[in-house]
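The block underneath contains the structure these notes are about, expressed in structure tokens.
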Amino acid sequence: MKSLSPDATRDDKAGIKNKILLFCDSISMLQGKKILIGITGSIAAYKSIFLIRLLVKEGAEVKVVMTPSARDFVTSLTLSTISKNPVLTELFDEQSWANHVMLGRWADIMLIAPLSCNTLAKMAHGLCDNLLLAVYLSATCPVVVAPAMDEDMWNHPSTKENFRKIESFGNKIIPVEKGELASGLHGEGRMAEPEKILQFLVENFFSIRSLKGKKAFVSAGPTYEPIDPVRFIGNYSSGKMGVAIAKELYNRGAEVTLISGPASIDSINGLHLVKVNTAEEMYNACTRTFKNVDIGVMAAAVADYTPVRKEKDKIKKTGKELLLELKQTQDILKSLGEQKKKKQVLVGFALETSNEKKNALEKLKKKNADLIVLNSLNDTEAGFGKDTNKITIFERGGKEFQFDTKSKQEVAKDIVNTIIQLFYA
Ligand code: CTP
């Protein structure tokens, strides 16, 4: 994310940019977290390299302990280069003794990935014949394991029993995946992908539920303005962006109402869903809901015009031109901006095809919003029906936050992070 104030000088801009980059980095849930990775002898050890890279990229401090047999699969050199820390394997060498107690106390979390059948059995029975096991037995932090084994080993009763045991010790198990195994067979037992492991850690240990106790509403999708019983004026909005924002607000602890136009949105676990069709119905639902919430996000593509009359019967062809008389709909965002109370946060969108920044800033002011999220139809990866979006967020103080092209889920995270940092941090 980059931020520039409109009239900053070049040096100011560099300073602000650095500050905002720092501010953004600190948004990562893993920033500064100390993660101790244990690697055991399994072909899946190669995935640990990607996992460590991901964790380091997210701002975590990573140290690695490996069993002697893990060295047959990955090298200490690779792991120490990626983790930026020495890799430990032995309890002691000629000169020093590895302080396993301190390592276990240093970590916020110990993650054993991959966990082999052999190490699992030793963990379940308190064996301690290598450094990794000594650290495990003396760890005071939560321990998470990502198993990797062939399907038959995975299904063996002794393995099941050992997992039950370590679970009863309070250790958490990241489910294995189905797929091609090292044996060439296809089945259950693959270690979870690094992204899944990261997600597990964040959801179970590092999730910031900064919006706990807050209420929010998000509008999404198009509106349909009826012409007659079989025709309407509508637009191509899929509602995906609004849904992603609603889910993200919910994930951060807010109680969320999703007000959806006629897009194919089914009920979503945890969200209150209100379905509407026309701009007028959306206006009524949004104004009613906004009174009782802390945050309102107008992501819907509300029709600006609606037919003056809805014909009772289907309009028949006459062989002549047909003129439809349209009247302007209520501007919902503007109306919410007028009612907005001091502590409420109002976010609008601007979908533009030209003079993007100027139009977005005008909307911010005219509609009394706190933030305007701009997406331009000139970006090929942004807009209606796409799975990706590229946004710039403008705030009232004149700051501007630019983001790269991302999936709509990731964009939703950026929007919610910005709301939290600007209004609730
Ligand atoms: N919006 C609204 N009510 C309307 C039209 C738009 O609340 N009747 C909201 C949208 O949900 C969005 C913001 O206003 O958050 C900007 O929408 P956009 O279509 O970009 O702009 P308009 O206000 O409709 O202006 P114009 O069509 O002239 O660009």
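The values are calculated or read from the model by the stated rules, or taken from the named source; none is laboratory data. Given the structure is predicted, the values throughout are model-derived calculations rather than measurements. A quick note on method: Cβ atoms are made from the backbone with ideal geometry, for glycine too, and the neighbour counts reach across all protein chains shown.
Criterion first (of a type in the set (Asp, Glu), modelled with pLDDT under 90 and in the same structural domain as residue 48 (by TED's automatic domain parsing)) does residue 180 satisfy it? Reasoning before the result, please.
On the way: of a type in the set (Asp, Glu): yes; modelled with pLDDT under 90: yes; in the same structural domain as residue 48 (by TED's automatic domain parsing): yes.
Judged against the criteria, residue 180 is a match.
Looking only at the stretch 386-409, decide whether some residue is in a loop (DSSP other than H, G, I, E, B), at pLDDT 95 or above and assigned by TED's automatic domain parsing to the domain that holds residue 297. Spell out how you get there, then give the answer.
Within the stretch 386-409, the subset in a loop (DSSP other than H, G, I, E, B) is 386-387, 390-391, 396-399, 403-405.
Subsequent filtering for residues that are at pLDDT 95 or above retains none.
No - not one qualifying residue is present in the stretch 386-409.
Where residues in the stretch 280-298 are assigned to a loop (DSSP other than H, G, I, E, B) and in contact (Cβ under 8 Å) with a residue 60 or more places away in the chain, which of them is nearest to the ligand (Cβ to nearest atom)?
Initial filter on the stretch 280-298 (assigned to a loop (DSSP other than H, G, I, E, B)): 291-294.
Narrowing further to those that are in contact (Cβ under 8 Å) with a residue 60 or more places away in the chain: 292-294.
Numbers: 292: 18, 293: 15, 294: 18 Å.
Checked the stretch 280-298; the qualifying residue nearest to the ligand (Cβ to nearest atom) is 293.
Let me confirm something: among 364, 346, 374, 351, which residue is surrounded by 13 or more Cβ atoms within 10 Å (Cβ to Cβ) and under 30 Å from residue 228 (Cα atoms)? Don't jump to the end; show me each part of the working.
On the way: 364 fails: under 30 Å from residue 228 (Cα atoms); 346 fails: under 30 Å from residue 228 (Cα atoms); 374 fails: under 30 Å from residue 228 (Cα atoms).
The match here is 351.
Given the structure, is residue 101 within 30 Å of residue 160 (Cα to Cα) and surrounded by fewer than 15 Cβ atoms within 10 Å (Cβ to Cβ)?
Details: within 30 Å of residue 160 (Cα to Cα): yes; surrounded by fewer than 15 Cβ atoms within 10 Å (Cβ to Cβ): yes.
Yes; evaluated as a whole, the condition is true for this residue.
Would you call residue 413 assigned by TED's automatic domain parsing to the domain that holds residue 296, on the phi < 0 side of the Ramachandran plot, surrounded by 17 or more Cβ atoms within 10 Å (Cβ to Cβ) and in a loop (DSSP other than H, G, I, E, B)?
Numbers: assigned by TED's automatic domain parsing to the domain that holds residue 296: yes; on the phi < 0 side of the Ramachandran plot: yes; surrounded by 17 or more Cβ atoms within 10 Å (Cβ to Cβ): yes; in a loop (DSSP other than H, G, I, E, B): no.
So residue 413 does not fit the description; no.
For the stretch 299-338, how many residues meet the condition of being away from the ligand (no atom under 13 Å from the Cβ) and in a loop (DSSP other than H, G, I, E, B)?
Keep residues of the stretch 299-338 that are away from the ligand (no atom under 13 Å from the Cβ), which gives 307-325.
Pick out the ones that are also in a loop (DSSP other than H, G, I, E, B) and you get 308-325.
Selection size over the stretch 299-338: 18.
Run down 240, 327, 291 and say which single residue is at pLDDT 95 or above, among the basic types (Lys, Arg) and within 31 Å of the chain's Cα centre (by Cα). Lay out the reasoning, then the answer.
On the way: 240 fails: at pLDDT 95 or above; 327 fails: within 31 Å of the chain's Cα centre (by Cα).
Sole residue among the options that is at pLDDT 95 or above, among the basic types (Lys, Arg) and within 31 Å of the chain's Cα centre (by Cα): 291.
Among all residue pairs at least 6 apart or on different chains, which show Cβ distances below 6 Å where the first residue, located in the stretch 261-279, is not assigned by TED's automatic domain parsing to the domain that holds residue 243 and the second is aliphatic (A, V, I, L, M) and within 14 Å of the ligand (Cβ to nearest atom)?
Every condition considered, no pair remains.
Of the residues 77, 91, 115, which single one is assigned by TED's automatic domain parsing to the domain that holds residue 143 and surrounded by 20 or more Cβ atoms within 10 Å (Cβ to Cβ)? Reasoning before the result, please.
Values: 77 fails: surrounded by 20 or more Cβ atoms within 10 Å (Cβ to Cβ); 91 fails: surrounded by 20 or more Cβ atoms within 10 Å (Cβ to Cβ).
The unique qualifying residue is 115.
Regarding residue 372, is this residue part of a helix (DSSP H, G or I) and touching a residue at least 12 places away in the same chain (Cβ under 8 Å)? Show your work before the answer.
Values: part of a helix (DSSP H, G or I): no; touching a residue at least 12 places away in the same chain (Cβ under 8 Å): yes.
It is false that residue 372 is part of a helix (DSSP H, G or I) and touching a residue at least 12 places away in the same chain (Cβ under 8 Å).
Among the numbered criteria (1) under 30 Å from residue 231 (Cβ atoms); (2) at pLDDT 95 or above; (3) among the polar types (S, T, N, Q); (4) in contact with an Asp or Glu (Cβ under 9 Å, 6 or more places away or on another chain), which single criterion is violated by residue 335?
(4)
Identify all residues within the stretch 183-231 that are among the β-branched types (Val, Ile, Thr) and crowded, with 20+ Cβ neighbours inside 10 Å; write none if there are none. Walk me through it before giving the result.
Of the stretch 183-231, the ones among the β-branched types (Val, Ile, Thr) are 197, 202, 208, 218, 223, 227, 230.
Across the stretch 183-231, the qualifying residues are 197, 218, 223.
Taking the conditions exactly as written (touching a helix residue (DSSP H, G or I) at 6+ places or on another chain (Cβ under 7 Å), assigned to a loop (DSSP other than H, G, I, E, B) and either of a type in the set (Lys, Arg) or within 12 Å of the ligand (Cβ to nearest atom) (or both)), does residue 350 satisfy them or not?
Details: touching a helix residue (DSSP H, G or I) at 6+ places or on another chain (Cβ under 7 Å): yes; assigned to a loop (DSSP other than H, G, I, E, B): no; either of a type in the set (Lys, Arg) or within 12 Å of the ligand (Cβ to nearest atom) (or both): yes.
Taking the combined requirement at face value, the residue does not satisfy it.
Are any residues in the stretch 393-410 crowded, with 18+ Cβ neighbours inside 10 Å and over 24 Å from residue 254 (Cβ atoms), and if so, which ones?
Correct list: 400 only.
So which residues in the stretch 168-216 are in a helix (DSSP H, G or I) and either touching a residue at least 24 places away in the same chain (Cβ under 8 Å) or over 27 Å from residue 62 (Cβ atoms) (or both), if there are any at all? Break it down stepwise before answering.
As a first pass, look at the stretch 168-216 and keep what is in a helix (DSSP H, G or I): 168, 194-206.
Within the stretch 168-216, 168, 194, 195, 197, 198, 200, 201, 202, 204, 205, 206 meet the criteria.
For the stretch 262-272, state whether one or more residues are surrounded by fewer than 23 Cβ atoms within 10 Å (Cβ to Cβ), within 16 Å of the ligand (Cβ to nearest atom) and part of a strand (DSSP E or B).
Within the stretch 262-272 (the criterion being surrounded by fewer than 23 Cβ atoms within 10 Å (Cβ to Cβ), within 16 Å of the ligand (Cβ to nearest atom) and part of a strand (DSSP E or B)), the answer is no, since none of the residues qualifies.
I need the strands (runs of 3 or more DSSP E) fully contained in the stretch 42-153, keeping only those with at least 3 residues that are of a type in the set (Phe, Trp, Tyr). It would help to see each step written out before you state the result.
Working: elements: 61-66, 109-115, 143-147.
The strands (runs of 3 or more DSSP E) meeting that bar number zero.
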